[in-house]
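J.: I have a structure here, written as structure tokens, and I will follow up with some questions on it.
The values are calculated or read from the model by the stated rules, or taken from the named source; none is laboratory data. Predicted, not measured: the structure shown is a model, and the values here were computed from it. Methodologically, a virtual Cβ is constructed for each residue, glycine included, from the backbone with ideal geometry; neighbour enumeration extends over all protein chains shown. Heavy atoms of the whole protein, side chains included, go into the accessibility calculation; ligands, DNA and RNA do not. Shrake-Rupley method; radii C 1.70, N 1.55, O 1.52, S 1.80 Å.
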Amino acid sequence: MTNTIRAAVMPAPNVPIELRELPWPELQPGAAMLRTLYSEVCGTDVHLHHGRLSGVPYPIVPGHVSIGHLSHIRGTVRDIDGVAFAEGDLVTFLDVHETCGACHECLVTKQTTRCPHRKVYGITYGVNDGPLGGWADHIWMKPGVKLLRIPAGVDPLQFIAGGCGLVTSVHAVERGEVRLGSSVAVLGAGPVGQAAAALAALSGAHPVIVIGDPAPRRDFALRMGATHTIGLDVPAADRAAQVRALTGGRGVDVVIEAAGDPRAVSDALDLVRDGGRVVIAGQYTDGGDVPINPHRQINRKHVEIRGCWGCDYSHVHRALQVLAVQGRALPWAAAVTATYALDRAADGLEAVATRRVVKAVVAPNS
Ligand SMILES: [Zn+2]
Ligand SMILES: [Zn+2]
């Protein structure tokens, strides 16, 4: 194999995206190549371009959640049921790799998303590590990468429209222990917030209140399963009053923060009922500090606060099941308002950065 890989590369923070030819990797036994159908542009890529994540080995090929067809397999690669993958199979993969299975986090506290050895495609792998990002016509599936078959009936565009927002919110809703009849508020109307509203509704929650901007995203949230929406033009105290009015004066059982603004954490504590639960999923970068009143907002409220970092295999697996079964009728793909060829990946990044679209998708082989 002497061909090269065409990739959109982020050379460094705040430097324009450029197209590069990368060498085709040598495939070890258990490795494969994925011919990329779609890779997403998400808020994380905007943060990467602004240099707001630490430990990123620029230059990188962005694109952590991707879908495509296996084009080359060296040896045998099997799924969790022991069934071998074949060339041509439509798959996605867990973007987290090299979780070690040997450290304190992996073995003792069993929180593999905090394993210090984990590497993430499109984020903490650099170009010098190989073609390990989705904004490229092929992605190297290193040995041990967890591939997942796309279930019959799941449209690839529907999957990528859910993308990492869907996978992240599977984890967030799990952390929130949302149940039948739970009342839920979701802060933020981006991809994570949209998916969290959908999953909360599918879990039997009511009401599901989405708080965020802009107005078209609130309208979309209603199509995804939100029962009520509130805009940020409403002052915070009035938003809290509206939420209390919808919940018998108590506040919601569970708040899922997917806003990213640190002030949303304080808001979340004002919206949750006494003894309720707050899941913080949106503070993926350090947005600074925020004043909290520990007595009034936490201790006296007897409230539970849970962080939610990253995802594991189970969250991707469940996301695919949701798309194949419970959530198949939801308008996931409508969130993708534009797809971009590889040489226009920068435009997709710009569209997400300016929030002109909920989700942009790169189609490297289009
Ligand atoms: Zn580990
Ligand atoms: Zn993402």
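J.: Restricting to the stretch 83-98, count the residues that are open to solvent by less than 70 Å² (accessible area, probe 1.4 Å) and either within 16 Å of ligand 1 (Cβ to nearest atom) or hydrophobic (A, V, I, L, M, F, W, C) (or both).
T.: Number satisfying all stated conditions: 9.
J.: Same structure, new question: Could you please find all residues in the stretch 267-291 being within 19 Å of the chain's Cα centre (by Cα) and part of a loop (DSSP other than H, G, I, E, B)? Show your work before the answer.
T.: Applying the first criterion (within 19 Å of the chain's Cα centre (by Cα)) to the stretch 267-291 yields 278-287.
Within the stretch 267-291, Ala281, Gly282, Gln283, Tyr284, Thr285, Asp286, Gly287 meet the criteria.
J.: Go over the candidates Gly188, Gly176, Gly181 one by one and state the one that is over 13 Å from Val255 (Cα atoms) and either more than 16 Å from ligand 1 (Cβ to nearest atom) or within 18 Å of the chain's Cα centre (by Cα) (or both).
T.: The match here is Gly181.
J.: For the structure I just gave you, tell me whether Leu90 is more than 16 Å from ligand 2 (Cβ to nearest atom), in contact with a Lys or Arg (Cβ under 8 Å, 6 or more places away or on another chain) and within 22 Å of Thr339 (Cβ to Cβ).
T.: Yes, satisfied.
J.: Quick one: which of Ile80, Ile73 is in contact with an Asp or Glu (Cβ under 8 Å, 6 or more places away or on another chain) and more than 16 Å from ligand 1 (Cβ to nearest atom)?
T.: Ile73
J.: For the stretch 219-250, what are the residues that are at positive phi and without any contact (Cβ under 8 Å) to a residue 40 or more places away in the chain?
T.: Gly248, Gly249, listed by residue number.
J.: Search the stretch 348-365 for residues that are closer than 20 Å to Arg218 by Cβ and without any contact (Cβ under 8 Å) to a residue 60 or more places away in the chain and pair each with any residue that is open to solvent by 10 Å² or more (accessible area, probe 1.4 Å) and of a type in the set (A, V, I, L, M) when their beta-carbon atoms are under 7 Å apart and the residues are at least 6 apart or on different chains.
T.: These pairs meet every condition: Val357/Ala338.
J.: In addition: Touching a Pro at 6+ places or on another chain (Cβ under 9 Å) and within 16 Å of ligand 2 (Cβ to nearest atom): is that true of Trp140 in this structure?
T.: No, not satisfied.
J.: Return yes when Val15 is of a type in the set (Val, Ile, Thr), open to solvent by 20 Å² or more (accessible area, probe 1.4 Å) and under 30 Å from Thr354 (Cα atoms) and no when it is not. Quick ask: steps written out before the conclusion?
T.: Values: of a type in the set (Val, Ile, Thr): yes; open to solvent by 20 Å² or more (accessible area, probe 1.4 Å): yes; under 30 Å from Thr354 (Cα atoms): yes.
Yes; evaluated as a whole, the condition is true for this residue.
J.: In the stretch 107-126, what residues are open to solvent by less than 20 Å² (accessible area, probe 1.4 Å) and more than 16 Å from ligand 2 (Cβ to nearest atom)? Don't jump to the end; show me each part of the working.
T.: Kept after step one, since they are open to solvent by less than 20 Å² (accessible area, probe 1.4 Å), are these residues of the stretch 107-126: 113, 115, 120-123, 125-126.
The answer is Cys115, Gly126.
J.: A further question follows. With the structure loaded, tell me whether Val352 is crowded, with 18+ Cβ neighbours inside 10 Å and under 16 Å from the mean Cα position of the chain (by Cα) or whether it fails that test.
T.: Yes.
J.: Is it the case that Asp129 is surrounded by fewer than 21 Cβ atoms within 10 Å (Cβ to Cβ), over 16 Å from Leu37 (Cβ atoms), away from ligand 1 (no atom under 11 Å from the Cβ) and in contact (Cβ under 8 Å) with a residue 60 or more places away in the chain?
T.: yes
Yes/no matrix, rows are residues, columns are (1) open to solvent by 10 Å² or more (accessible area, probe 1.4 Å); (2) of a type outside the set (A, V, I, L, M, F, W, C); (3) within 25 Å of Arg263 (Cβ to Cβ):
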| site | (1), (2), (3) |
| --- | --- |
| Asp155 | yes, yes, no |
| Gly163 | no, yes, no |
| Val173 | yes, no, yes |
| Ala189 | no, no, yes |
| Ala197 | no, no, yes |
| Gly204 | yes, yes, no |
| Gly231 | no, yes, yes |
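J.: Return the residues of the stretch 25-46 that are at pLDDT 95 or above and open to solvent by 30 Å² or more (accessible area, probe 1.4 Å); say none if nothing qualifies.
T.: Glu26, Gln28, Pro29, Arg35, Leu37, Tyr38 - these are the residues of the stretch 25-46 that are at pLDDT 95 or above and open to solvent by 30 Å² or more (accessible area, probe 1.4 Å).
J.: Out of Ala360, Ala338, which single residue is open to solvent by 20 Å² or more (accessible area, probe 1.4 Å) and either among the acidic types (Asp, Glu) or closer than 18 Å to Val65 by Cα (or both)? Walk me through it before giving the result.
T.: On the way: Ala360 fails: open to solvent by 20 Å² or more (accessible area, probe 1.4 Å).
From the options Ala360, Ala338, the qualifying one is Ala338.
J.: Identify all residues within the stretch 243-274 that are surrounded by fewer than 19 Cβ atoms within 10 Å (Cβ to Cβ) and basic (Lys, Arg); write none if there are none.
T.: Selection gives Arg244, Arg250, Arg263.
J.: Something else: If only one of Gly144, Gly101 is open to solvent by 40 Å² or more (accessible area, probe 1.4 Å), near ligand 1 (Cβ under 10 Å from one of its atoms) and farther than 17 Å from Trp309 by Cα, which one is it?
T.: That would be Gly101, the only listed residue that is open to solvent by 40 Å² or more (accessible area, probe 1.4 Å), near ligand 1 (Cβ under 10 Å from one of its atoms) and farther than 17 Å from Trp309 by Cα.
J.: Right, here's the next one. Any idea how many residues of the stretch 59-79 are surrounded by fewer than 12 Cβ atoms within 10 Å (Cβ to Cβ) and either touching a residue at least 40 places away in the same chain (Cβ under 8 Å) or of a type in the set (Ser, Thr, Tyr) (or both)?
T.: Counting residues in the stretch 59-79 that are surrounded by fewer than 12 Cβ atoms within 10 Å (Cβ to Cβ) and either touching a residue at least 40 places away in the same chain (Cβ under 8 Å) or of a type in the set (Ser, Thr, Tyr) (or both) gives 1.
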